[in-house]
Amino acid sequence: MPPIFYSFFVPALFVWLWSTGFIGAKYGLPFAEPFTLLLIRMLFTLVLLSVLAWIMKTRWPGWRGAGHLAVTGLLVHGCYLGGVYYAIQGGMPSGIVSLIVGLQPLVTSAVAILVLKESVSGRQWLGLTLGLVGVTLVLLEKFGGGASASDFPLWTLLWAALSLGGISLGTVYQKRNGTQSDLVAGTFIQYSAAATFFAVGAFAFETREVVWAQPLIWSMVWLVFGVSIGAILLLMWLIRRGAASQVASLFYLVPPVTALEAYWLFDERLGVLAMIGGVISITGVALVVTQQRKQAA
């Protein structure tokens, strides 16, 4: 494959697929509670991954490797998705959730420095900072006019923080302990751990009632095929190829892309401030990516 395929197309595809997860959640949550919805999503995904593993004659890791993958699954999928879905279901606007989770690259970089001893250059820190500024501007226009902390329960911030901590720690943990496993096998084990987490939450705290309306069915199809399989396999592949902090910088592009999708699907208007923020965010990611190329050379 040409270098542009790995440096541009795959990251761009991942960002787009990952951003649609917020759209799918918005469509599906009115018809099922968060843990219940996520449990169904995980079970469907596990069935498909089982078939894929059988076709590809997947090699399975030992117990030690499976244990590391299970921890990654609890963090990257269990805590992250559970936190996002419960924050949205509790009344926090999806854009605010996206903004909080958008802090993930900074958290991941800090953890990578402390745990993985990764070096982050001044140019990369500048890129990460510009990305955060860009994300803030994109969402400031949408929520600055009236949305504030008083518009939703404060306890939803705890769920958003759980999501942020889960995806940040999970990215670093995967980089350190899970990169040698087969992608399909590793993803299957991670989803199995997350499904167990969601099952416990659904049976302990929810009614598990589901209204199989058409929006839920279509959102479930996309969340399973596009996000749970497509985006996650790409994420694991990208983590395997790059430093944790550099992979994390891609998440800066998710809020601008999500804002565009919301404009097309829900007629949410984008103004000048949001467009400027998107450009700043992309610039920040470009600084990190170009630095990665120089280090690789």
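The values are calculated or read from the model by the stated rules, or taken from the named source; none is laboratory data. In this text the structure is predicted, and so the values were computed from the model without any measurement. Using ideal geometry, Cβ is built from the backbone for each residue, glycine included, and neighbour counts are taken over all protein chains shown. With ligands, DNA and RNA removed, areas are computed over all heavy atoms of the protein, side chains included. Shrake-Rupley method; radii C 1.70, N 1.55, O 1.52, S 1.80 Å.
Observations, loosely collected:
- Residue in segment 136-148 that is within 30 Å of residue 190 (Cβ to Cβ), open to solvent by less than 60 Å² (accessible area, probe 1.4 Å), modelled with pLDDT of 80 or more and in a helix (DSSP H, G or I) present: no
- Just so you know, in segment 254-271 the residues that are open to solvent by less than 30 Å² (accessible area, probe 1.4 Å) and within 19 Å of residue 132 (Cβ to Cβ) include one that is modelled with the highest pLDDT, and it is 254.
- Residue check, residue 124 at pLDDT below 80, of a type outside the set (D, E, K, R), assigned to a helix (DSSP H, G or I) and surrounded by 18 or more Cβ atoms within 10 Å (Cβ to Cβ): yes
- Subset of segment 25-69 [at pLDDT 95 or above and farther than 20 Å from residue 225 by Cα]: 33
- Screening the candidates 93, 153 for the property of being at pLDDT 70 or above, within 20 Å of residue 273 (Cβ to Cβ) and not hydrophobic (A, V, I, L, M, F, W, C) yields one hit, 93.
- Residues in segment 191-207 that are at pLDDT 95 or above and open to solvent by 90 Å² or more (accessible area, probe 1.4 Å): 2 in all.
- Beta carbons closer than 9 Å, at least 6 apart along the sequence or on distinct chains, pair a first residue in segment 272-287 that is under 16 Å from residue 105 (Cβ atoms) and open to solvent by 10 Å² or more (accessible area, probe 1.4 Å) with a second that is charged (D, E, K, R) and part of a helix (DSSP H, G or I) for 287/123.
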